[in-house]
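The values are calculated or read from the model by the stated rules, or taken from the named source; none is laboratory data. Given the structure is predicted, the values throughout are model-derived calculations rather than measurements. Every residue, glycine among them, receives a Cβ derived from its backbone with ideal geometry; neighbour counts consider all protein chains shown. Accessible surface areas use protein heavy atoms only, side chains included; no ligands, DNA or RNA. Shrake-Rupley method; radii C 1.70, N 1.55, O 1.52, S 1.80 Å.
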Amino acid sequence: MFGRAPKKSDSSRYYEILGISNNASQEDVKKAYKKLAIKAHPDKGGDPEKFKEIGEAYQVLADPEKREIYDQYGEDALKEGMGGGGGGPDPFDIFQSFFGGSPFSGGSSRGRRQRRGEDVVHPLKVSLDDLYLGTSKKLSLSRNVICSKCSGKGSKSGVAPSCVACQGTGMKVSIRQIGPGMIQQMQHPCNECKGTGETISDRDRCPLCKGEKVVQEKKVLEVVVEKGMQNGQKITFPGEADEAPDTITGDIVFVLQQKEHPKFRRKGEDLFVEHNLSLTEALCGFQFVLTHFDGRQLLIKSNPGEVVKPDSYKAINDEGMPMYQRPFMKGKLYIHFTVEFPDSLNPDQVKAFEAVLPAKLSSQLTEMELDECEETTLHDVNMEEESRRKKQQAQQEAYEDDDDDDDMPGGAQRVQCAQQ
C-alpha cells in the first residue's frame, strides 16, 4: 500500500526559505532573516504567507536546540515536540523582538499595519470659464503636524506611561442594566487619556505641543484646475491631511463644483446656448455675434434662403469644451433656436404675407362647404392651470360621492345579496 509522496527533505525546507546552507552560522541566519523579512513584510507590500514562513524558519534555525532537533529528525518531529505545531509565536512578534519595533510603524504598534488617517475633503467652486480656460487657485489651510520638538511623543523625556485607568488600551467598557436579567455593555474612549492609552505628567509635557503630540500649521496649496475638467472631479494632494503619531497621513481632496453660467450650458464635452429669433429672421435669414470664453467673436449666420423652424438646433464643430488632458480637441457648440411670433397682424400685413406665403387651407373650401359648418370661437389656454383645475374637480366629485353614501337610511352600506 502506497502513501503520499514525501515532501522535499524534511530537514532542508527552512534553510531553503532563508536561502542559506545547512551549515550556515547563527550570524548568517540572522542576516538572511533580516534581509528577507523586511522585503516580505506586509506593510511593504509583501506576501503575508511568505512573511509567516520566513518567521517560522527563523524561529527554528535561530534556536540551537530546535535547530539540532530539526537537523536530526526533521520538521514533523520538531512539531510533535512543540505540541503539534500551529501555536507558535506570531511572526509579527518575532519581527518586533528582532528589530525592536517595526520600522514601518514607529515601533509602537507591535509590528501591525499602521492606521490610516482620514482624508480631508473640501468643495471648490469654479466657473464654466475656469473649466474651459483652466486656472489655478491658491488656498490657505490649517492642519495638524507632528510636533518637531518632541517628535510626536508628547513628553520631554520621550516616554509616555500607559494609562492606568484603561490599561493602555485607550478604551473603557461600561455595563448598565436595562431590564430584569438584561445588561448592556458599551465601549467608549477612556476619559483619563482621551483614548490615547498614555498619560503624561504635567511636568513632563512637551512645552511646544503641551502633550498633544501635534501642533497646528498653516499651509498654502496651489490647486491647478486643468482645461476640460468636469463638475464633481477630484483633485488630490496625497499625504497633506492632518498628521498623527503612528498614523499614515491621509490626503486632502478638492471636489470641483461648477457654478451656473448665464449664457452657456455644458453637457459632457459639448456646450449649449439659447438664441431667440424674430419671425422675420427665421424666414428671411439672420446673423449675430457670440462671444466665447476666450474672448473670440464668433459670427453666427444662416444660409441664404434657409428657414429656421421653432425649437430646432444647429451645431458648430470644435467650439465646445476642451477635452480633459487633450485640450486641443474640443466638443461641439449647439445653438437652440426659438422663434418669437408677433401677437397680431394688421390687414395690410396679412395681405403682404398672403402674397408671398403658400395658400391657406381655408381657401380650398367651397362656399357650400363653409355654409354647412358651425362656426366656433378659440380661447387662449394655460394647460398647466387647466390640468390643475380638472384634478381639483375630480377630487371634489369623489368627496361628494362619499357624502351621498353616508346619507343612506340607517347608514346602510351598498351590498349585493345572493339568492337563497
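Checked against (1) in contact (Cβ under 8 Å) with a residue 40 or more places away in the chain; (2) touching a Gly at 6+ places or on another chain (Cβ under 8 Å), Lys301 passes all but a single condition, namely (1). Val223 fulfils the conditions (1) closer than 30 Å to Lys156 by Cβ; (2) touching a Phe, Trp or Tyr at 6+ places or on another chain (Cβ under 9 Å); (3) not aromatic (Phe, Trp, Tyr) except for a single criterion, (1). Is there a residue in the range 109-132 that is within 22 Å of Gly250 (Cα to Cα), at pLDDT below 80 and in contact with a His (Cβ under 9 Å, 6 or more places away or on another chain)? Checked against the condition, which is being within 22 Å of Gly250 (Cα to Cα), at pLDDT below 80 and in contact with a His (Cβ under 9 Å, 6 or more places away or on another chain), the range 109-132 yields at least one hit.
Exactly one residue out of Ser97, Ser102 is of a type outside the set (A, V, I, L, M, F, W, C), modelled with pLDDT under 85 and crowded, with 17+ Cβ neighbours inside 10 Å: that is Ser102. Out of curiosity, is Leu36 open to solvent by less than 60 Å² (accessible area, probe 1.4 Å), under 30 Å from Thr247 (Cα atoms), out of contact with any strand residue (DSSP E or B) (no Cβ under 8 Å at 6 or more places or on another chain) and among the aliphatic types (A, V, I, L, M)? So Leu36 fits the description; yes. Applying the selection to the range 232-266, what residues are touching a Lys or Arg at 6+ places or on another chain (Cβ under 8 Å) and either among the basic types (Lys, Arg) or closer than 18 Å to Gly134 by Cα (or both)? Selection gives Phe254, Val255, Leu256, Gln257, Gln258, Lys259. Of all the numbered requirements in (1) under 41 Å from the mean Cα position of the chain (by Cα); (2) under 30 Å from Gln349 (Cα atoms); (3) assigned to a loop (DSSP other than H, G, I, E, B), Thr338 misses one, and that requirement is (3).
If you go through the range 281-304 and keep only what is within 15 Å of Leu271 (Cβ to Cβ) and open to solvent by less than 80 Å² (accessible area, probe 1.4 Å), you end up with Leu290, Thr291, His292, Phe293, Asp294, Leu298, Ile300. Against the conditions (1) assigned to a loop (DSSP other than H, G, I, E, B); (2) open to solvent by 90 Å² or more (accessible area, probe 1.4 Å), Ala359 satisfies every one except (2).
Evaluation of Arg143 against the conditions (1) modelled with pLDDT under 90; (2) open to solvent by less than 40 Å² (accessible area, probe 1.4 Å); (3) of a type in the set (Lys, Arg) shows that the sole unmet condition is (1).
Checking each residue of the range 244-257 against the condition of being more than 30 Å from Arg115 (Cα to Cα) and either modelled with pLDDT of 95 or more or outside any strand (DSSP E or B) (or both) gives at least one match. One residue stands out in the range 194-214 among those that are part of a loop (DSSP other than H, G, I, E, B) and among the aliphatic types (A, V, I, L, M): the one that is surrounded by the most Cβ atoms within 10 Å (Cβ to Cβ), namely Ile200.
Per-residue answers, yes or no, for (1) surrounded by 10 or more Cβ atoms within 10 Å (Cβ to Cβ); (2) of a type in the set (S, T, N, Q); (3) touching a residue at least 12 places away in the same chain (Cβ under 8 Å):
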position	(1), (2), (3)
Asp348	no, no, no
Phe353	yes, no, no
Thr377	no, yes, no
Asn382	no, yes, no
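Inside the range 323-335, can you point out the residues that are assigned to a loop (DSSP other than H, G, I, E, B) and exposed (fewer than 12 other Cβ atoms within 10 Å of the Cβ)? Within the range 323-335, just Gln325 meets the criteria. Those residues that are in a strand (DSSP E or B), hydrophobic (A, V, I, L, M, F, W, C) and touching a Cys at 6+ places or on another chain (Cβ under 7 Å), I need them from the range 154-191; list them, please. Of everything in the range 154-191, just one residue is in a strand (DSSP E or B), hydrophobic (A, V, I, L, M, F, W, C) and touching a Cys at 6+ places or on another chain (Cβ under 7 Å), namely Met171.
Of the residues making up the range 305-320, those that are at negative phi, touching a residue at least 24 places away in the same chain (Cβ under 8 Å) and open to solvent by 70 Å² or more (accessible area, probe 1.4 Å) are Val307, Lys309, Pro310, Tyr313. Checking Glu260, Glu217, Glu274, Glu222 one by one, the residue that is surrounded by fewer than 18 Cβ atoms within 10 Å (Cβ to Cβ), within 35 Å of the chain's Cα centre (by Cα), within 30 Å of Pro304 (Cα to Cα) and modelled with pLDDT of 90 or more is Glu274 and no other. Restricting attention to the range 278-295, the residues that are assigned to a loop (DSSP other than H, G, I, E, B) and either touching a residue at least 40 places away in the same chain (Cβ under 8 Å) or touching an Asp or Glu at 6+ places or on another chain (Cβ under 9 Å) (or both) add up to 4.
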